[in-house]
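So the structure is just underneath, and the comments pick up after that.
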Amino acid sequence: MASIFDKIRLRPSQLRTVAERRYDDADYLRGSRSNKHANGAMYLGGFVLECLLKARLLEDHPWLKAPPAKMSGKSPGERQLISLCYHKHDLTGILERLSSKTLDRLENLGHLDTIKKLCGEWTIYARYSPRMADIGEASNFLNRIREVKKCLG
């Protein structure tokens with residue numbers, strides 16, 4: 001029986017579906033208007049961005065969709081892409097490896113700077129933070145995620 005904990009490779013469309021679901025989760029937490037849920041909302045918001053960037057990375061580098069057995073013998077740069085896509089949570093690193101066509105499109109839509117700022121702010125380490133954000137901070141963060149979600153989705 002399949003579990004939500006099964007490790008599977010997702011297609012870009014599946015990553016976008018996951019991103020949409022996690023955004024809904026984050027928005028629900030924001031809707032609680034409770035500071036005790038602000039960290040969770042922000043963490044999920046960053047995860048939404050990660051999913052969308054990884055979907056775009058897979059589209060920009062279609063060979064990344066290949067089964068792991070076909071990944072051996074790759075160059076250091078290709079191995080870095082594999083790591084960014086499947087093992088790391090480095091949003092800035094992922095953004096830097098998107099195609100120039102994608103980056104130009106994001107720039108032309110006026111969202112590249114916002115995405116860069118979000119990538120620089122969010123880290124996976126938010127899940128360990130003892131600091132408590134407030135719900136206003138979380139709402140602002142999620143509003144910016146919603147703004148860029150449209151152009152990455």
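Structure above, values below:
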item: Residue in the stretch 137-151 that is touching a Leu at 6+ places or on another chain (Cβ under 7 Å), among the charged types (D, E, K, R), part of a helix (DSSP H, G or I) and free of Cβ contacts under 8 Å to residues at least 40 places away in the same chain present; result: yes
item: Total residues in the stretch 80-95, condition assigned to a loop (DSSP other than H, G, I, E, B) and surrounded by 13 or more Cβ atoms within 10 Å (Cβ to Cβ); result: 3
item: Matching option when the condition is at pLDDT 95 or above and over 25 Å from Tyr128 (Cβ atoms), among Ser34, Ser99; result: Ser99
item: Unmet requirement for Asp27, which otherwise passes all of (1) in a helix (DSSP H, G or I); (2) farther than 25 Å from Gly136 by Cβ; (3) of a type in the set (D, E, K, R); (4) touching a residue at least 12 places away in the same chain (Cβ under 8 Å); result: (2)
item: Any hit, the stretch 37-60, residues being free of Cβ contacts under 8 Å to residues at least 60 places away in the same chain, hydroxyl-bearing (Ser, Thr, Tyr) and outside any loop (DSSP other than H, G, I, E, B); result: no
item: Every pair of residues 6+ apart whose Cβ atoms lie under 6 Å, when the first sits in the stretch 1-22 and is without any contact (Cβ under 8 Å) to a residue 60 or more places away in the chain and within 14 Å of Tyr86 (Cα to Cα) while the second is of a type outside the set (Lys, Arg) and not in a loop (DSSP other than H, G, I, E, B); result: Pro12/Ala55; Pro12/Leu58; Pro12/Glu59; Leu15/Cys51; Leu15/Ala55
item: Qualifying residues in the stretch 96-153 (those that are within 30 Å of Glu78 (Cα to Cα) and of a type in the set (Phe, Trp, Tyr)) - the one surrounded by the fewest Cβ atoms within 10 Å (Cβ to Cβ); result: Tyr125
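The values are calculated or read from the model by the stated rules, or taken from the named source; none is laboratory data. Computed from a predicted structure; not experimentally measured. Note that each Cβ is placed from the backbone with ideal geometry, even for glycine, and that neighbours are counted across all protein chains shown.
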